[in-house]
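So the structure is just underneath, and the comments pick up after that.
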Amino acid sequence: VYPAGGNPGKTLDVVIAGEDLDDLAALQFSHEGITAKPKMREPGPFDKGPQPVPNTFEVTVAPNTPLGTYEARAVGRYGVSNPRAFRIDSLAESFEAEPNNEREQATETGLPAAINGRIETQADVDYFRFTAPAGQRIILDCLARRIDSRMDAVAIVYDAQGRELGDSRDVRYG
């Protein structure tokens, strides 16, 4: 499920990926304040009307939806999928913009923010850029494992000159 969340009162496009997702017809959530409808595209020259964009839904989060983590399930030819996490958050949503695999290509974001990204290949590296005054405390909290992702994230913070200021890794060697 990408992105893996949104803000109350907003509508966003959500893309579903995985196995056995043929003929997706619906995306269901465990809270009635989160609704989805298939995203449609303009008809082609041989279509009889608007056509669904494969595996993509327009998700609307009602303004009164409580913050928290909810279940999302895809419905298609083979039934209903296992649940995946979908997080409702009050932080401004920021989305990875490829290419951002080099420092010079970093996706710009403001603070505070909920940054949505995804790893496309095993060796994918994503850079994000933000501005903060000297001495400001910044807390990075990666939810990957807590929202059922298989990603094993490493976060490294660099200054404008490329010097490492700090990192967070599961294992330290040496």
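The values are calculated or read from the model by the stated rules, or taken from the named source; none is laboratory data. None of these values were measured; they are calculated from a predicted model. Glycine also receives a Cβ, built like all others from the backbone with ideal geometry; neighbour counts cover every protein chain displayed. Quick note on the areas: whole protein, heavy atoms, side chains included, nothing else; ligands and nucleic acids left out. Shrake-Rupley method; radii C 1.70, N 1.55, O 1.52, S 1.80 Å.
Table for the structure above
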read-out: When residues of the range 146-160 are limited to those that are of a type outside the set (A, V, I, L, M, F, W, C) and part of a loop (DSSP other than H, G, I, E, B), the one surrounded by the most Cβ atoms within 10 Å (Cβ to Cβ); value: S149
read-out: Whichever residue in the range 60-115 is touching a Phe, Trp or Tyr at 6+ places or on another chain (Cβ under 8 Å) and aliphatic (A, V, I, L, M) and, among such residues, is farthest from G6 (Cα to Cα); value: A106
read-out: Subset tally (residues that are assigned to a loop (DSSP other than H, G, I, E, B) and open to solvent by less than 50 Å² (accessible area, probe 1.4 Å)) for the range 43-66; value: 4
read-out: Inter-residue pairs, beta-carbon under 8 Å, first free of Cβ contacts under 8 Å to residues at least 12 places away in the same chain and in the range 87-106, second open to solvent by less than 60 Å² (accessible area, probe 1.4 Å), 6+ apart; value: A97/T107
read-out: Restricting the range 1-34 to residues that are among the hydroxyl-bearing types (S, T, Y) and assigned to a strand (DSSP E or B), the residue that is farthest from R87 (Cα to Cα); value: T11
read-out: R84 closer than 26 Å to R150 by Cβ, open to solvent by 40 Å² or more (accessible area, probe 1.4 Å), in contact with a Leu (Cβ under 9 Å, 6 or more places away or on another chain) and not hydroxyl-bearing (S, T, Y); value: no
read-out: Out of R103, R118, R163, sole residue that is within 29 Å of G9 (Cα to Cα) and either among the β-branched types (V, I, T) or open to solvent by 60 Å² or more (accessible area, probe 1.4 Å) (or both); value: R118
read-out: Given (1) more than 18 Å from A17 (Cα to Cα); (2) among the aromatic types (F, W, Y); (3) open to solvent by 90 Å² or more (accessible area, probe 1.4 Å), number of the condition F128 does not satisfy; value: (3)
read-out: Residue that is farthest from T69 (Cα to Cα) [pool: residues in the range 1-49 that are under 16 Å from the mean Cα position of the chain (by Cα) and polar (S, T, N, Q)]; value: T11
read-out: Top-ranked residue of the range 131-145 - restricted to ones that are more than 15 Å from A4 (Cβ to Cβ) and among the hydrophobic types (A, V, I, L, M, F, W, C), ranked as least open to solvent (accessible area, probe 1.4 Å); value: A132
read-out: Looking only at the range 74-100, and only at residues there that are of a type in the set (D, E), under 20 Å from T11 (Cβ atoms) and out of contact with any Ser or Thr (no Cβ under 6 Å at 6 or more places or on another chain), the one that is modelled with the lowest pLDDT; value: E93
